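Have a look at the structure below, then the notes.
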Amino acid sequence: MILIWMLCILLAGGILCWLAAQRQPLLARWIALITVSADLLIACWLFPVYQAFPDNSSWFINYQANWIPALGVSFHVALDGFSHILLLLTYFLGILAVLCSWKEVRERTGFYFFNLLWTLAGISGVFIAMDLFLFYFCWEIMLIPMFLLIILWGDVRRHYAAYKFFLFTQAGSLLMLLAILALYFIHGQQTGNYTFDYFALLQTALTPSTAMWTMLGFLIAFVIKLPAVPFHNWLPDAHGEAPTAGSLLLAGLLLKTGAYGIIRFVLPIFPQAAADIAPWMILIGVAGIIYGALLAFSQTDLKRLIAYTSVSHMGFVLVGVFSFSSIAMQGVVMQILTHGLSTGALFLMAGMLKERLHTRDITKMGGLWTSMPRLGGMAILLTMASAGLPALGNFIAEFFILLGTFSNNPVLSIIATLGLILSAVYSLRMMQKVFMGPLISTVPVVDLSARELIILTALSISIVVLGLFPQPVIDTVHHLSTIHPLLHE
Amino acid sequence: MNELQLIPLLPFIILAMASVVTILLIAFRLSHTVIQVTGFLMMCLVVFATWYVRDTLPEEVPPLFIVDGQAALFTGVIIFCVLVIGLFSYIYFEEREENPKEYYILLFLATLGAAILTISQHFISLFIGLELLSVSLYALIAYLRNRNNAVEAGMKYLVLAALSSAFLLFGMALIYMEAGSMKFSGIAEKLPQVSSSPLFLMGLGTIVVAIGFKLALVPFHLWAADVYQGSPTPVTAFIATISKIGTFAVLLRFAQTIHLQQYPLIIAIFSVIAISSMIVGNILALRQQNLKRLLAYSSIAHFGYLLVAFLPGNEAGTEAAAFYLIAYSITLLSAFGVITLLSSREHEAETLDIYTGLIWRRPVVATILAISLFSLAGIPLTAGFLAKFFVLSAGVQQAVWLPLAVLILTSVIGLYYYLRVINTLFGTSGTADVMQKTVHPFFHVSTYITLVVLAGMLFWIGVFPGLVLQGIRLFLLLH
Amino acid sequence: MGMSLQQIVFGVLSIISIISALGVILSKNPVTSVLCLIVTFFTIAGHYIMLNAQFLAVVHIIVYAGAIMVLFLFVIMLMNLNAEIEPQKRSWLKYAGAISGGALLLVLLAALREASVSSLQPGAVEIGLISNLGKTLFSTYVLPFEVSSILFLSAMVGAVVIGKKEGHES
């Protein structure tokens, strides 16, 4: 029940923001902040509940209510450790998103926060839905407000970017809907029990070819969202053109729903088909790592550069998931968290720079260290995190993934390691272009304000903490090793 | 024939009476408002009559009619639509100098035609119902005859509808020649002997052509955009909802009685029609700058989707089709209602420029339009999503993969132009404010409220479809 | 050749009707067209009589040849349509029409060639007589009869609405 309250708080908060902004835009900001903070508090409060739960490998909160009984659709939400840390990430980044749009958004404030909160609601719904119909429902709900965020508050080429984002993801999700329906009917015909419930559908026995086709329906949707290489096309545009908070949510959360979907649905429901397709997916993942890194290196647009680093990092997720080793799986979860934090932070930085310099072009920046030492210091830490420097969270994630993959697929994992080197190259280039060298911009810039400092400090601290004490996270997702038979090794 | 058998027909008799009452009111020179209110009350009476006769269902009125649950369901949807359209008509016609009174006679007669289609089980009643619908529509389309292209639209509809009627008659004659009966069940009895006869199949083919014309399916869709654009907006809403529901209802009954879906050839023909409707409708809509034309093309595509639910010929398909029609009518009514509300005395609010930044000027109206567009696009939280979902699930159940794949592909194409309109709604507003209506605040307010209720229904059905679904099942069981 | 009288009459009527129907569409002069159409109607009425449907034949002549054709002639004469002022149609339209019409004809012929038309039982030969028709119409088919009357009402109202004079009160 508490989970439904979390969703309701966000949905109601969004509507309240819209209404309140008619009178006073500032009120909308505070409402949004309070709403997301309340959800974060609830999510934190769930921690002791989780600890107290005797068997910490499973669903410590499980709530089911009838929704459309005629179809076997129920409002089934549940939480395990994996979903829980994703929820925490969602609300943490949610607060930062609200904070970073505090000054940036000046017009239609109420509607902006409405969209922001509804996107968050959709994302949290995706992470807790245990009914495939509900899952699809939330999967779609997070898209529309995101689309509006991009198209209304985005940059110059926002229309193109927003359409591209929407059409790509929608094509994938309709395929997923078809696959969900196929699964529903196959399961119904086998057992006579027509239901969309995740736990029931897990038991479906599929012939190899049906399993392959149905899995592809799911996988394509998730891989588009992730994104993996042939489907990554929408990402640089959407990330580049979105407002700062939009980029933060896209990079930090929306991409993670793709990874979540693969881990939660593709592997457990289609174990054999997933094992069959695994070599190809690892190949795609490695291609993404290298290709994303190379493209990131050649970008001059700061936000597009960061967007391509996401492609590269998400390649690691794909490699880790499909290498079927429990170490790599722990790495994947760490990567999901730390990439969300570090890339989110980089986008925030890009947003702050843009607010001051009115450009995203790194050839027009340079020498900013002298005028903005605080931002520069933060930037070094965050870029190094993104590049995978030891002692920071990303290092552990990528190291685990490579370690887990090496035993299965040494050749590809060696190639993937190149990605780490390349990431150092593009990160250093970015730092050098923006903060070092001669001063190019003549616009007087001020250093970070207290609000911005709080945002970046919070992110930096969490990245460092995750790098030094990853064990709690790894503990919470320990049970993921049971989702696939090959993972036991 | 005795008076007892007339009882199930009571709603239809009242519907016919409504038009006569309107004529009398006009003869006594009563005002538009009186006619409007009386018409509204008569329609409510029809609803009550339907409720009153519910226990007698299902009842056959030989030889032409059968009043069963399915007929009651579709008639109910039709009456609901005409209630809403009648309300929209008031503010639309009150603004214009033409005398709006005769409009209501024709509106009720056309509704009667559509309602008769839903209870037909015989070629004669099918033909008369269809003609009653079309003949009234000729005049309705050209009603504002000195407006831009009303007469052109009326003429186009007249010629093509007459042509399709000729096809229909020819097909009926051929089938009659082979089967020796015009009653659907009579044809069904003779089927084993005649089903492979070329004349019979040709007859079926020409009937499909005629129905295709009425439903504006590709390749018989050429009239749709011009007629949608040229007609007065409430009439466009009528064509898009009631006329198509009636035609689809009779197609459904015909198919159910003679088990149309058993013939691979017919299935192939319908698949081709469905696929081409989805593709052509969506692609032609992509570049439209006129909202009414855009909705015309989108309705072509939507009936393509509907045919995907029709193809399997199973119970799930019928349910999906009924749900789809309900969701689709509510959606379109709210879209056309917004157009009506924004239309001024001189201009129909049909070009997209008028809608630029509407959300900042008229937030409620624009939100309603946005919701209905989301529903047309099949986005969750709206009825359109569940409608599409049911169609998909009916298709998956019967494994008609090719039309399903096309459905998915074209839905994505379709999204583009719905999003384009929504994007226009949210654009930066530059143009002057749309003038407020001055006529009759009561009707203005009630139109407003109706729109809000319609949008609310879209949400409600989109989130809790259980009740509607149960209702549909209950009705469909009565046969 | 054992042609019965019936067959001879049928053949003559059919040939005349086809020739006159062709005359309708091929004639350049609209008045000739209309006269040909009248001939066609009469021959079709003859067919009805041969099918023992006297009522239908009479109605056909009264309604079509009598009322509608006279109206047609009036309109044509009043509008003074001549071949010269007939708008020039684009030639590709003609060809397209001819090709698609020909294709339809081909399909129909092919289907008819395949078909074996079983002769219908001449059971109800008396149905075409006026009294039987009236009885059927007003007992079994009274409802559709009523609905058709409503259909005429709708046509009438429609014609009045479209045809009435412009209102000048505005």
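Residues of the stretch A:126-148 that are in a helix (DSSP H, G or I), more than 10 Å from chain B (Cβ to nearest Cβ) and either of a type in the set (Lys, Arg) or within 17 Å of the chain's Cα centre (by Cα) (or both): A:Val126, A:Phe127, A:Ile128, A:Phe135, A:Pro145, A:Met146.
Counting only helices (runs of 4 or more DSSP H) that fall entirely inside the stretch A:318-418 and contain at least 1 residues that are assigned by TED's automatic domain parsing to the domain that holds A:Glu104, under 23 Å from the mean Cα position of the chain (by Cα) and of a type in the set (S, T, N, Q), no element qualifies.
Residue check: B:Ile279 meets all listed conditions (1) closer than 30 Å to B:Ser446 by Cβ; (2) out of contact with any Pro (no Cβ under 9 Å at 6 or more places or on another chain); (3) of a type outside the set (S, T, N, Q) but one, namely (1).
Scanning the stretch A:110-128 for any residue that is in contact with a strand residue (DSSP E or B) (Cβ under 6 Å, 6 or more places away or on another chain) and not polar (S, T, N, Q) turns up at least one such residue. Applying the criterion of being touching a Leu at 6+ places or on another chain (Cβ under 9 Å) and surrounded by fewer than 24 Cβ atoms within 10 Å (Cβ to Cβ) to the residues of the stretch A:152-165, the residue that is nearest to the other protein chains (Cβ to nearest Cβ) is A:Tyr163.
For the residues B:Ile116, B:Ile105, B:Ile128, B:Ile124, the requirement of being touching a residue at least 60 places away in the same chain (Cβ under 8 Å), more than 16 Å from the chain's Cα centre (by Cα), within 23 Å of B:Phe167 (Cβ to Cβ) and at the interface with chain C (Cβ under 9 Å from one of its Cβ atoms) singles out B:Ile124.
Any residue in the stretch A:212-224 that is over 27 Å from A:Leu86 (Cα atoms), touching a helix residue (DSSP H, G or I) at 6+ places or on another chain (Cβ under 9 Å) and outside the structural domain of A:Leu418 (by TED's automatic domain parsing)? Within the stretch A:212-224, one or more residues are over 27 Å from A:Leu86 (Cα atoms), touching a helix residue (DSSP H, G or I) at 6+ places or on another chain (Cβ under 9 Å) and outside the structural domain of A:Leu418 (by TED's automatic domain parsing). Residues considered: A:Gly94, A:Gly122. Of these, the only one that is surrounded by 23 or more Cβ atoms within 10 Å (Cβ to Cβ) and away from chain B (no Cβ under 11 Å) is A:Gly94. Here the stretch B:183-207 is the region considered, the condition is being away from chain C (no Cβ under 14 Å) and among the aliphatic types (A, V, I, L, M), and the residue that is farthest from the chain's Cα centre (by Cα) is B:Leu191. Taking the criterion of being touching a residue at least 24 places away in the same chain (Cβ under 8 Å) and over 25 Å from the mean Cα position of the chain (by Cα), the residues of the stretch B:356-376 that qualify are B:Thr356, B:Gly357, B:Leu358, B:Ile359, B:Trp360, B:Arg361, B:Arg362, B:Val364.
Okay, residues lined up against (1) outside any helix (DSSP H, G or I); (2) touching a Gly at 6+ places or on another chain (Cβ under 7 Å); (3) more than 23 Å from A:Gly288 (Cβ to Cβ); (4) assigned by TED's automatic domain parsing to the domain that holds A:His313:
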{"position": "A:Lys164", "(1), (2), (3), (4)": "no, no, no, no"}
{"position": "A:Gln170", "(1), (2), (3), (4)": "no, no, no, no"}
{"position": "A:Leu175", "(1), (2), (3), (4)": "no, yes, no, no"}
{"position": "A:Ala200", "(1), (2), (3), (4)": "no, no, yes, no"}
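Just one of the listed residues (B:Ile408, B:Ile379, B:Ile354) is more than 9 Å from chain A (Cβ to nearest Cβ) and either more than 27 Å from B:Arg96 (Cα to Cα) or in a helix (DSSP H, G or I) (or both), namely B:Ile354. Note on the stretch B:457-479: residues that are surrounded by 14 or more Cβ atoms within 10 Å (Cβ to Cβ) and either within 14 Å of chain A (Cβ to nearest Cβ) or closer than 17 Å to B:Leu73 by Cβ (or both) amount to 16.
Taking the numbered list (1) within 27 Å of B:Ala72 (Cβ to Cβ); (2) surrounded by 21 or more Cβ atoms within 10 Å (Cβ to Cβ); (3) among the aliphatic types (A, V, I, L, M) in turn, B:Leu83 passes all entries but (2). Contact map, the stretch C:131-148: residues that are facing chain B (nearest Cβ under 7 Å) and surrounded by 13 or more Cβ atoms within 10 Å (Cβ to Cβ) paired with residues that are part of a helix (DSSP H, G or I) and not hydrophobic (A, V, I, L, M, F, W, C), Cβ distance under 9 Å, separation 6+ or inter-chain. Pairs shown: C:Leu143/B:Ser125; C:Pro144/B:Ser125; C:Val147/B:Gly113; C:Val147/B:Ser125; C:Val147/B:Gly129; C:Ser148/B:Glu131. No other residue among A:Arg29, A:Arg23 is part of a helix (DSSP H, G or I), assigned by TED's automatic domain parsing to the domain that holds A:Phe133 and either of a type in the set (Lys, Arg) or modelled with pLDDT of 90 or more (or both) apart from A:Arg29. Residues that are among the hydrophobic types (A, V, I, L, M, F, W, C) and more than 25 Å from A:Ile306 (Cα to Cα) within the stretch A:434-489 comprise A:Phe469, A:Val473, A:Ile474, A:Val477, A:Leu480, A:Ile483, A:Leu486, A:Leu487, listed in sequence order. Of the residues A:Met314, A:Met281, the single one that is surrounded by fewer than 24 Cβ atoms within 10 Å (Cβ to Cβ), of a type in the set (A, V, I, L, M) and under 25 Å from A:Met176 (Cβ atoms) is A:Met281.
On inspection, A:Thr359 passes the criterion of being closer than 16 Å to A:Thr244 by Cα and either touching a helix residue (DSSP H, G or I) at 6+ places or on another chain (Cβ under 6 Å) or not basic (Lys, Arg) (or both).
The values are calculated or read from the model by the stated rules, or taken from the named source; none is laboratory data. What you see is a predicted model; the values in this text were computed from it and never measured. All Cβ positions, even for glycine, are placed from backbone atoms using ideal geometry, and neighbour counts span all protein chains on display.
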